[in-house]
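Asks: One structure, as structure tokens, below. Some questions next.
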Amino acid sequence: MNFDENFILGCSAIGAGLAVIAGIGPGVGQGIAAGHAAAAVGRNPGAKSDITTTMITGQAVAETTGLYGLLVAILLLFVKPLLW
Amino acid sequence: MMQGILLSNDIDVMVHGLFKYNFLGHEAWITTTHVCLLLVMLILIGFSIAAGQVIKKGAEVPGTFQNIVELIVEKLDGIVEGSMGKSAVKYRNYISTIFIFILVSNISGLLGLRPPTADYGVTFPLGVLTFILIHYNQIKYQKPKDIWTSMCSPLPPWLPLWLPINIISELAVPVSLSLRLFANVLSGTIMMTLVYGILKWIALIWPAALHVYFDLFSGVIQTYVFCMLTMTFVSGAIGDEA
């Protein structure tokens, strides 16, 4: 393994770390969704199962952007596209 | 030279080719995904045959296994009925099939397999099936004029400036559906592999708790979300006419 490969691997690791910063957004979004769902259950406890279903579906959709960042990080670390 | 743990051979999350063959002049591989998929299919086929035998006999007072089978069918029918309404009768077979398939695939990590859904080649066809269903129903149940109006949606129909953006957002549906499932299952697999690879001397009993989260919880939630979104999109394409 020569210097160039090590340099590219290090830069890939830094890039992977930067890519998962994308997790901040979905974290905030899911927290807001869960908070509002808790408030809704407090106001109308009878609709708990419907509220939970809607919350989980919405959170899963909000999670997608974070997963794209995670996917970029995984590609950089495991597939190492910059070394090809 | 010291090598990082990711570069060593202990951590292995990739799909491996097992057997090479020629398919219409192309080089194709039988991979670990195929093998795991075959095992999942064997489990499902065995369960289906046993369930069919039990239901065919149909005891008046159901035994344990018959109770379990009836419970599964009732729950799945309830999920489809709850979100598709009148058109549920046509789609409960399809939705139940992909639900059980994705569920068993996701939690097959517990059996020591590499989950087949942690391969994009498995989840993307599922997304494409959803895409085909959406547009088949759209063409079948909506008038061409309405489809054109909705494709130009924020602007009036005689000014199709927004058409390319709407087409891209339609094409993004299967990609985002399949990437969501794929990335969730793959990240769970990678986390478990890292735990077993880095902490292999002290990974004795406590990883079971991580398995409950990464395999069971995440797998069930993602299965539910995939089916839920498929049903939402398809019933949106059917509209109110059906």
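Asks: Helix B:32-57 versus the longest principal axis of chain B: what is the Cα-based angle in degrees, 0 to 90, to the nearest 10?
Replies: 70 degrees
Asks: Return the loop-located chymotrypsin sites (Phe, Trp or Tyr not before Pro) in the range B:172-220 (DSSP other than H, G, I, E, B) with at most 16 other Cβ atoms within 10 Å of their own Cβ; answer none if there are none.
Replies: Here the sparse-neighbourhood loop sites are B:Trp201.
Asks: Hey, another quick one. Cross-link candidates for A:Lys80: which aspartates and glutamates have Cα within less than 19 Å, leaving aside residues fewer than 8 places away along the same chain?
Replies: A:Asp4, A:Glu5, B:Asp10, B:Asp12, B:Asp119
Asks: Within chain B, how many Lys pairs sit with Cα atoms under 19 Å apart, leaving out pairs fewer than 8 places apart on the same chain?
Replies: 4
Asks: For the pair B:Asp240 and A:Ser49, what calculated FRET efficiency results from E = 1/(1 + (r/R0)^6), where r is the Cβ-Cβ distance and R0 = 30 Å, to the nearest 0.05?
Replies: 0.75
Asks: Further question: Classify chain B: rounded, prolate or oblate, from the alpha-carbon gyration tensor (a ≥ b ≥ c, eigenvalue square roots; a/c under 1.5 rounded; otherwise prolate if a/b is larger than b/c)?
Replies: In terms of gyration-tensor shape, oblate.
Asks: How much length is gained if the chain between B:Ala209 and B:Leu159 is pulled fully straight, taking 0.36 nm per residue apart and subtracting their Cα-Cα distance, in nm to one decimal?
Replies: 12.4 nm
Asks: Okay, moving on. How high is the relative contact order of chain A, in percent, with contacts defined as C-alpha pairs under 8 Å that are six or more residues apart?
Replies: 52 percent
Asks: Could you please state, rounded to a whole Å, how far the C-alpha centre of the range B:190-242 is from the C-alpha centre of the range B:36-105?
Replies: 20 Å
Asks: Further, regarding this structure: Quote the FRET efficiency, to the nearest 0.05, computed for B:His26 versus B:Val195 with a Förster distance R0 of 51 Å and r equal to the Cβ-Cβ distance.
Replies: 0.85
Asks: If you take the square roots of the eigenvalues of the alpha-carbon gyration tensor of the range B:125-199 and sort them as a ≥ b ≥ c, do you get rounded (a/c under 1.5), prolate (a/b over b/c) or oblate?
Replies: Prolate shape, in that a/c is at least 1.5 and a/b is the bigger ratio.
Asks: If you add up the charges near A:Thr53, with Lys and Arg at +1 and Asp and Glu at -1, over every other residue whose beta carbon is less than 15 angstrom from its beta carbon, what do you get?
Replies: Here the count lands on 0.
Asks: Quick check: the angle from helix B:218-238's long axis to the longest principal axis of chain B, C-alpha only, nearest 10 degrees?
Replies: Between helix and principal axis, roughly 10 degrees.
Laboratory data are not the source of any read-out in this text; all were calculated from the coordinates shown. Small disclaimer: the values here were computed from a predicted structure and weren't measured. With ideal geometry, Cβ positions are generated from the backbone for all residues, glycine too; neighbour counts draw on all protein chains shown.
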